[in-house]
């Protein structure tokens, strides 16, 4: 039986498999479909199931190895077809000259191939996938073809794991996701090059009402269009732009911390960090460089990471975390209490701050179970020397209940919505 050993990282998957990236795949599809001699073109869009579960339970390194192993296996069954990687767990097999009947036959082979178990350490992983198929129609654009394949995949996912859906004729109603993602990707490039990114800051206040920190939240506007984070962050993660966005956020956040310091304020700036950044070999060095350039002290910056990143098995991630701790940079656990969060993990995570996920706060004041969980988190965090923050507070009733739970600090729209930098200092002045 074949064995999956952890020898690949996310940065080498496309190279190891010979896959095109998202932009390269779209360009190839455009070239094929615009060729007057093109008689047929089919796409098989594959989405792997439960990758998040593998990442959170075994670590991202295991997830990357899992993906690489499966995609190499599929490629051996696809002949001379071309492949591109659409997202973290989604891939498209490009079949020039092949109709939907051929694509369906090949997709069935892919599905059986995926379902073979993979030994990983002392576990036997049982992968599964969903597949969407679309074939080029006369006069159809590349974006339309991609949108139909994407829609077929979504239909397969809604049906359940291990299903194949073939797109019917014509565009499905209101389905332009593939084109929208490409537009957002293009806008992100423009924003990075020409200045369409902005940081808004959401204050975090202590039990005495004083502002103790400001969380930096990214906003994007291109050609007058505001692109919400719920749209551009997933696209940035799929396309690899999340690292560049993170670098920009770090540089901008440290500059704001310097402005605060120059004005006599020692309020901390909290900056979110993605796994893509932590997986870069020199990330800790780039943090130090940003601090040196801006001239801020270590205690003026805090980096927010999800719990799974603290427990990530990747050596590069752990090396970066160790380097950050050695220099005294404050680390915070963001969104604690979701996914596979475990109280026992807190004893092994050397973080100074724990932010409770807003899903617990949303259920207040009526849900006594959520209230009990928050009290338990607050007590344990306090005993471990952590500052415990409740986020997502939207009402007076929620705030009143939380003040009696032992939570140290509060964040949410009830305190204030995120504030643009140009209005932040006026708000802080009025607050004091």
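The values are calculated or read from the model by the stated rules, or taken from the named source; none is laboratory data. If you're wondering where the values come from, they're calculated on a predicted model, not measured in any experiment. Glycine also receives a Cβ, built like all others from the backbone with ideal geometry; neighbour counts cover every protein chain displayed.
Quick notes on this structure:
- Enumeration of residues in the stretch 218-242 that are outside any loop (DSSP other than H, G, I, E, B) and buried (at least 18 other Cβ atoms within 10 Å of the Cβ): 218, 220, 222, 227, 232, 233, 235, 236, 238, 239, 242
- You will find that of 407, 415, the residue that is modelled with pLDDT of 95 or more and either part of a loop (DSSP other than H, G, I, E, B) or over 30 Å from the mean Cα position of the chain (by Cα) (or both) is 407 and no other.
- Residue 371 in contact with a helix residue (DSSP H, G or I) (Cβ under 8 Å, 6 or more places away or on another chain), in the same structural domain as residue 254 (by TED's automatic domain parsing) and assigned to a helix (DSSP H, G or I): yes
Residue-wise test of (1) in the same structural domain as residue 384 (by TED's automatic domain parsing); (2) in contact (Cβ under 8 Å) with a residue 40 or more places away in the chain; (3) buried (at least 21 other Cβ atoms within 10 Å of the Cβ); (4) in contact with a strand residue (DSSP E or B) (Cβ under 6 Å, 6 or more places away or on another chain).
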| site | (1), (2), (3), (4) |
| --- | --- |
| 251 | yes, yes, no, no |
| 264 | yes, no, no, no |
| 296 | yes, yes, yes, no |
| 303 | yes, no, yes, yes |
| 310 | yes, yes, no, no |
| 324 | yes, yes, yes, no |
| 330 | yes, yes, no, yes |
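- Of the candidates 78, 135, 42, the single residue that is farther than 25 Å from residue 316 by Cβ, surrounded by fewer than 21 Cβ atoms within 10 Å (Cβ to Cβ) and at pLDDT 85 or above is 78.
- Among (1) loosely packed, with under 15 Cβ neighbours inside 10 Å; (2) at pLDDT below 90; (3) within 21 Å of residue 215 (Cα to Cα), the one test that residue 366 misses: (3)
- The residues of the stretch 186-211 that are within 30 Å of residue 404 (Cα to Cα) and surrounded by 17 or more Cβ atoms within 10 Å (Cβ to Cβ), listed by number, are 200, 201, 202, 203, 204, 205, 211.
- Considering residues of the stretch 45-75 that are out of contact with any helix residue (DSSP H, G or I) (no Cβ under 7 Å at 6 or more places or on another chain) and part of a helix (DSSP H, G or I) only, the residue surrounded by the fewest Cβ atoms within 10 Å (Cβ to Cβ): 53
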